[in-house]
Every structure is written in structure tokens, then in C-alpha cells.
Amino acid sequence: MPSASTPKDAVASHRIAATLRESILHGDLAPGQRIRQEIVAEEYGTSRIPVREALRVLQADGLVTLVSNSGAWVASLSQQECSEVYQVRERLEPLLLRMSLPGMTDEIVAELDSLATSMELNNDVETFIRLDRQFHLLSYSTADSTLVSGMIAKLWNTTQHYRRAFSRLVGIGGSAVTHMEHHLLVDAIRRRDGDDAERLLLSHIRRTRLELARHPEIFAPPAA
């Protein structure tokens, strides 16, 4: 990826990418929503150069779709595409979790346990989404892999909106199975039981995929 043309542009690009990433992950910008470069540039008092650089970074992160000679949109998935992404996650994330177990410390296990409890005691969707993401990515954090880790982070970015929409639909208060699965995962990680951890995580991800398949309304495009 080419660098921004000046140090000032590079700083502005980093700031714009960070702000847009936060807005997309928090749901302030919806899947399929257009991001107009001229408006972003005006908002930040920059030229379009750092905006373009920021959008390229977000495209690499799986958050933005760039169409040549057309523009930029917040990345979106059809129901079929989302199902495919979840099937990929079902295979890759258990592998990454197993790879992470040898480097897992007691301190990380304790933090995972605390996150699982915090999610169970929480009734706010945004807090749940944030803690759930933190929980799972932390459980992979000691894996000796940059390739698989990067792929998983991108897949999580791409599906963030759909996890939020589903959580709002079913209600966090009714997610007893989800919370139980988190606690069981912590127990398997604490025991360094790779087989059990992989099996639990695969089932955890698959259950979400199957539930999402029952709600096609989540994938409706935004109103024009």
C-alpha cells in the first residue's frame, strides 16, 4: 500500500482511519452506507489524499468496500455470504484457539473468566458486543501466528454488524446458552484441553450461524 504523500497526510490518514473504524464497529455507519470522500475531507480539514489512504486501510481490515471510479461503502454481507464467513470461522477459530493454548498464562485465563462473568451480568447490547469481541480475540492472542490471526480479525470486523443486529433481536438477557458456552470455554482453556476447547468453540460459532439463518431481515439493505 502506498504511503501518504507527506507526514502531515500520514497523521491525518491514521486519525481518519481510527475514527471511521470506531464508527463502523460501533454501528454508527451501517453496512452498505456510502462514505463520501469529499465530505470526510471537509470534516477533517484535509485533502482527499489522506481520506483515500484511510479507506484503503479500512478495506484491508474488512470494514470498507472500494469500487474503482465509483466510491466507498461500509462493507456488507448477504445472508449467504455471512453464512460462508461463519463456516470459515468454524474451521479457523478452533485451530487458532488450539495454537494459543501453549502460550496461555494464568493471568489471561483469569481475565477471560472475568470477561465471561461481566458479559453474563450485563444487559446492554453495545457492552456485550465489546466484551464478547475482547473475550474471543484475547483467547487467540498468544497463538504463534500472524496469518491466521489477521484473517480472523478481518472476519470479526466483517460480521460485527450482524452480531449486533442479532443480539438486539434476541436480547442479551435471553442468552443463557451463550454465557454457559463462554464459561465452558474458559474451563477448557484453564485445563489446556485443546480437543474440548475446539469442540466447544466450533459449536458456539455454529449456533450463531444457524440462528442468523433464521432471520433474513437482518440482511435487508439500508433504505435509500
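Which trypsin sites (Lys or Arg not before Pro) from segment 176-224 combine a DSSP loop assignment with at most 14 other Cβ atoms within 10 Å?
Here the trypsin sites (Lys or Arg not before Pro) that fit, given the DSSP loop and packing criteria, are Arg191, Arg192, Arg214.
Tell me, what is the percent relative contact order of segment 39-124, built from C-alpha pairs under 8 Å that lie six or more residues apart?
It rounds to 11 percent for segment 39-124.
Just need the relative contact order of segment 97-210 here, percent rounded to a whole number, with Cα pairs under 8 Å and 6+ apart. Spell out each step's value before the answer.
Working: 88 pairs, mean separation 43.8, N = 114.
After rounding, I find 38 percent.
Apply the Kirkwood formula to the chain: the hydrodynamic radius equals the inverse of the mean of 1/r over all pairs of different alpha-carbon atoms; give it in Å with one decimal.
Value: 18.7 Å, from the Cα pair sum.
Who wins for biggest fluctuation among Asp195, Asp61, Asp187 in a Gaussian network model of the chain, springs between alpha carbons below 10 Å?
Result: Asp195 has the largest fluctuation of those listed.
Compute the distribution of all C-alpha to C-alpha distances in segment 1-52, in bins of 5 Å from 0, and list the percent of pairs in each, rounded to whole numbers.
It works out to 4, 21, 28, 25, 15, 6, 1, in whole percents.
For the chain, what relative contact order do you get, as a whole percent, if you take Cα pairs closer than 8 Å and at least 6 residues apart? If you can, show how the numbers build up before the last one.
Numbers: 249 pairs, mean separation 55.9, N = 224.
Answer for the chain is 25 percent.
Sticking with the crude label model, points 7 Å out along Cα→Cβ, report the distance from Ala10 to His215 in nm, one decimal please.
The two pseudo-label positions are separated by 4.3 nm.
What do you get for GluC sites (Glu not before Pro) in segment 15-48 restricted to DSSP loop and a cutoff of at most 16 other Cβ within 10 Å of the site's Cβ?
Here no GluC sites (Glu not before Pro) fit, given the DSSP loop and packing criteria.
Kindly provide the helix-only [θ] at 222 nm of the chain, computed as the sum of -39,500 (n - 2.57) over DSSP H runs of four or more divided by all residues, to the nearest 500 deg cm²/dmol?
On the way: 9 runs with 152 residues, N = 224.
Estimated from H runs of four or more residues: -22500 deg cm²/dmol.
Restricting to DSSP loop positions (anything but H, G, I, E, B) with no more than 16 other Cβ atoms inside 10 Å of their own Cβ, which trypsin sites (Lys or Arg not before Pro) remain in segment 1-90?
Arg36
No value in this document is a laboratory result; all are computed from the given coordinates. Since the model is a prediction, treat every value here as computed from it, not as a measurement. All Cβ positions, glycine included, derive from the backbone under ideal geometry; neighbour counts span all protein chains shown.
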